[in-house]
């Protein structure tokens with residue numbers, strides 16, 4: 001009976017550890033790629049200056065369930081890919097499959113091409129935890 | 001006397017063991033709650049009201065008003081029947097997703113808006129969408145009717161002449177599915193690489 005109790009206790013501890021790992025991602029900053037279309041972006045671009053600091057290419061790691069987030073802090077509608085972001089609105093996408101995705105991001109005056117590459121995470125433990133989270 | 005002690009000890013161990021099992025079950029429930037299903041598409045936050053529109057339904061000629069579909073998860077797709085790949089693939093995914101929903105299937109409405117009214121006659125459109133699902137709704141309006149809707153949804157439509165081909169031209173068009181929640185808000189866009197399981201999951205999330 002004592003062995004059974006010991007085993008159950010051990011299992012409980014393991015479940016607790018797994019639960020904590022799920023509740024607290026190891027590195028939150030690495031899991032969310034946030035890009036901001038800043039206030040005045042459309043106005044600056046209309047004057048010929050670069051507006052939004054959006055990279056041409058970003059890479060997300062699939063196994064870590066990395067998330068892309070684009071927030072429009074400008075007072076004008078911005079276009080991200082085939083849809084529009086109202087002022088103050090965010091677009092968030094968590095990619096579940098590896099691949100290359102094209103996003104065309106425009107304010108009202110300018111076009112930014114943006115390519116997102118989603119790669120597999122080689123860490124099997126992270127893949128397992130991400131699978132549990134899904 | 002010794003025997004009684006031993007019995008007491010075994011009962012106590014058994015109770016303790018049962019408590020541990022209960023704790024494990026509670027923890028499993030907690031973990032299940034933490035990994036609640038999420039939307040798998042590209043999500044807008046905060047969601048804005050979906051731009052309303054009304055276009056004739058090719059099945060009966062009556063206008064379908066988007067806002068009249070409140071209470072459902074509405075998938076809006078802009079395409080054309082001569083589309084060689086993306087349109088049939090997407091409609092097929094949506095049809096499979098609908099089948100996966102069981103009793104909730106009738107709360108998933110699929111609207112196919114033709115971006116090629118010149119070639120997509122009402123009969124052709126009706127037969128086309130019914131080949132995927134009897135209840136898919138096909139809407140067809142004139143180019144003038146379509147323009148404000150395409151603008152509202154930022155849908156790009158570009159005709160590409162195909163000289164020498166039987167179809168005459170192909171159309172480049174936005175291939176995302178726009179998803180409107182039961183409250184009439186544009187909640188997300190679903191990309192063409194989404195699976196039927198992804199779509200069914202999102203409909204379930206929206207109908208909760």
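Readers should treat all values here as calculations from the given coordinates under stated rules, not as data from a laboratory. It should be emphasised that the depicted structure is a prediction, and the values quoted were computed from it without experimental measurement. No Cβ is skipped: glycine too gets one built from the backbone with ideal geometry, and neighbour counts run over all protein chains shown.
Quick one: which of B:127-136, B:177-186 comes out on top by average Cβ neighbours within 10 Å, and what's the full order, highest first? Display every interim value, and only then the final one.
Details: B:127-136: 17.2, B:177-186: 20.9.
Sorting B:127-136, B:177-186 by mean packing, highest first, produces B:177-186, B:127-136.
What translational diffusion coefficient, to the nearest whole µm²/s, does segment B:122-205 have by Stokes-Einstein, given a Kirkwood radius computed over alpha-carbon pairs, a temperature of 37 °C and 0.692 mPa s viscosity? Present the calculation step by step, with values, prior to reporting the outcome.
On the way: Rh = 15.5 Å.
Taking Rh from Cα pairs, D becomes 212 µm²/s.
Determine the percent antiparallel among the DSSP beta bridges restricted to segment B:40-132, to the nearest 5. Numbers along the way, then the final one.
Numbers: 3 of 10 bridges.
Counting only bridges with both partners in segment B:40-132, antiparallel ones make up about 30 percent.
When ranked by the protection proxy of mean other Cβ atoms within 10 Å per residue, highest first, what sequence do the peptides B:167-176, B:93-102 form? Provide the component values of the computation, followed by the final result.
Values: B:167-176: 17.1, B:93-102: 18.9.
Order by mean packing, descending: B:93-102, B:167-176.
How much of the DSSP bridge set in segment B:49-208 is antiparallel, in percent, rounded to the nearest 5?
On the way: 17 of 27 bridges.
Antiparallel bridges: around 65 percent, rounded to the nearest 5.
Report the calculated FRET efficiency for residue B:62 and residue A:117 (r = Cβ-Cβ distance, R0 = 45 Å), to the nearest 0.05. Don't skip to the end; give the middle numbers.
Values: r = 46 Å, r/R0 = 1.02.
Step by step, r from the Cβ atoms, then E = 0.45.
Can you compute the modelled spin-label distance between residue B:96 and residue A:7, with each label point 7 Å from Cα toward Cβ, in nm?
4.1 nm
Starting from the Kirkwood radius over alpha-carbon pairs of segment B:22-178, derive D by Stokes-Einstein at 20 °C in a medium of 1.002 mPa s and give it in µm² s⁻¹. All intermediate terms of the calculation are to be shown ahead of the outcome.
Working: Rh = 17.5 Å.
The Stokes-Einstein estimate is 123 µm²/s.
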